[in-house]
Amino acid sequence: MPRMLEVSDEVRTEIGDDEADRLLAGAHAPDAYDCTSCRAPGDSLREPTSTVLFIGDETAVLAFAHARCVPSQVVPVDEEQLLGAVRSISQAQGGVDAPASAPAHAPYGAHAAPGLPDGAWPAPARAPQPRAPQSPADPGAQPAVLGVTCGLVLCGDTPYAALVVEPTGPIARPGSGSGEDEFLSLLTDHGFQVVQSVDRAPARPLTGWSVLMAMGQLHAILQPSATGGSAAWWQAHQPLQVTEAWRAAVARRSEVIMYAVPVGTIGRQPREDLLRMALDRASGQGVLVAGMLPLAGT
């Protein structure tokens, strides 16, 4: 029986027209699955379902998600971690060995791991982080790392899932030798806005930016790629656990507010009320920018 599957052009390009048509006709696609984003059960016979293809250098795994949670897309992941996740998931399903590496453009049947549960996908590796400026007097300076904090933020009477991004060191503009921290100006170049009041949420989503969640965990912040599609702007070394309330807020609105501040502005706040006070303080100082990011957009 045909499934209510959505296969994006980029997924079709990877798996081929023949395999995409077979999927749409019902071959290889499950009736029931666990959504790779929210982890709730899905039914491809009764509700729109996205195909999500996770690809490494030589291996790929196809997963399924509610179309309301994530669009059909291709998500690049680290080859070693992809194989490790396939191996561990397969063993958990009955000790089946992981398959040998398959060409990235092989049909879906060559991608599928024996025993791989529907909707499951591996954790991506950490992406390279923006580097801090280095002066000639300090050639061994360490690169800056982006710290990400999750919390609920009230904008008026509405709770929003929010991410607060703060680097561990100043971020220089590529090619700049000035040593100045240009983290916020780099973000405003991409459409992030200076926050006048935390009570007001950003008016509209940023084009091409998105937040990637899977298995109810936070995996990455994606930005537009120069070659089309999306690329990781920040990627978790290990998927980040989020609270039920944070996940519920994302599920209600399918969007997340991303705030960003310069190094040393907020730090780690143990409670959401303290985080809010720090955000208000940063806004009053004019060093807080924000953008609305859709959930797992492309």
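The values are calculated or read from the model by the stated rules, or taken from the named source; none is laboratory data. Keep in mind that what you see is a predicted model, and the values were worked out from it rather than measured. Using ideal geometry, Cβ is built from the backbone for each residue, glycine included, and neighbour counts are taken over all protein chains shown.
I'm trying to understand the selection: among the residues of the range 192-216, which are out of contact with any helix residue (DSSP H, G or I) (no Cβ under 9 Å at 6 or more places or on another chain) and surrounded by 16 or more Cβ atoms within 10 Å (Cβ to Cβ)?
Listed by number, the residues that qualify are 201, 202, 205, 206, 208, 209, 210, 212, 214, 215.
Name the single residue, out of those in the range 222-248 being of a type in the set (A, V, I, L, M) and part of a loop (DSSP other than H, G, I, E, B), that is surrounded by the fewest Cβ atoms within 10 Å (Cβ to Cβ). It would help to see each step written out before you state the result.
Our first condition is that a residue be of a type in the set (A, V, I, L, M); within the range 222-248, this holds for 222, 226, 231-232, 236, 240, 242, 245, 248.
Add one more test, that the residue is part of a loop (DSSP other than H, G, I, E, B), and what stays is 226, 242.
Values: 226: 7, 242: 19.
So the residue we want is 226.
Considering the range 148-170 alone, what residues qualify as being in contact with a Lys or Arg (Cβ under 8 Å, 6 or more places away or on another chain), part of a strand (DSSP E or B) and surrounded by fewer than 20 Cβ atoms within 10 Å (Cβ to Cβ)?
Listed by number, the residues that qualify are 149, 154, 155.
Quick check: is even one residue across the range 13-31 touching a Ser or Thr at 6+ places or on another chain (Cβ under 9 Å), in a strand (DSSP E or B) and of a type outside the set (A, V, I, L, M)?
no
Spot the failing condition for residue 222; the list is (1) without any contact (Cβ under 8 Å) to a residue 12 or more places away in the chain; (2) within 13 Å of residue 209 (Cα to Cα), and only one is missed.
Of (1) without any contact (Cβ under 8 Å) to a residue 12 or more places away in the chain; (2) within 13 Å of residue 209 (Cα to Cα), only one is false for residue 222: (1).
Regarding residue 251, is this residue out of contact with any strand residue (DSSP E or B) (no Cβ under 6 Å at 6 or more places or on another chain), in contact (Cβ under 8 Å) with a residue 24 or more places away in the chain and in a helix (DSSP H, G or I)?
Numbers: out of contact with any strand residue (DSSP E or B) (no Cβ under 6 Å at 6 or more places or on another chain): yes; in contact (Cβ under 8 Å) with a residue 24 or more places away in the chain: yes; in a helix (DSSP H, G or I): yes.
Yes.
From the list 200, 173, which residue is part of a loop (DSSP other than H, G, I, E, B), among the basic types (Lys, Arg), in the same structural domain as residue 276 (by TED's automatic domain parsing) and at pLDDT 85 or above?
Numbers: 173 fails: at pLDDT 85 or above.
After applying the criteria, what remains is 200.
Filter the range 3-37 down to the residues that are touching a helix residue (DSSP H, G or I) at 6+ places or on another chain (Cβ under 6 Å) and on the phi < 0 side of the Ramachandran plot and list them by number. Outline the logic, then answer.
As a first pass, look at the range 3-37 and keep what is touching a helix residue (DSSP H, G or I) at 6+ places or on another chain (Cβ under 6 Å): 5, 7, 12, 15, 19-20, 28-29.
Residues satisfying the conditions are 5, 7, 12, 15, 19, 20, 29.
Can you pull out every residue in the range 32-65 that is of a type in the set (S, T, N, Q), more than 17 Å from the chain's Cα centre (by Cα) and in a strand (DSSP E or B)? Show your work before the answer.
First pass over the range 32-65, keeping only residues of a type in the set (S, T, N, Q): 36-37, 44, 49-51, 59.
From the residues that got through so far, the ones that are more than 17 Å from the chain's Cα centre (by Cα) too are 44, 49, 59.
Scanning the range 32-65 gives a single hit, 49.
Across the range 207-221, which residue is modelled with the lowest pLDDT among those that are of a type outside the set (S, T, N, Q) and assigned to a strand (DSSP E or B)?
If we filter the range 207-221 for residues that are of a type outside the set (S, T, N, Q), which is where we start, we get 208-209, 211-216, 218-221.
With the extra rule that they be assigned to a strand (DSSP E or B), the set shrinks to 211-214, 218-221.
On the way: 211: 90, 212: 87, 213: 84, 214: 78, 218: 86, 219: 85, 220: 87, 221: 90.
Ranking the candidates gives 214 first.
Filter the range 53-66 for residues that are in contact with a Gly (Cβ under 9 Å, 6 or more places away or on another chain) and of a type in the set (A, V, I, L, M, F, W, C); which is farthest from residue 14 (Cα to Cα)?
65
Could you count how many residues in the range 206-261 are of a type in the set (Asp, Glu) and over 25 Å from residue 193 (Cβ atoms)? It would help to see each step written out before you state the result.
Within the range 206-261, the first condition is being of a type in the set (Asp, Glu), and the residues that meet it are 244, 255.
From what's left, over 25 Å from residue 193 (Cβ atoms): 244.
Adding up the residues that qualify gives 1.
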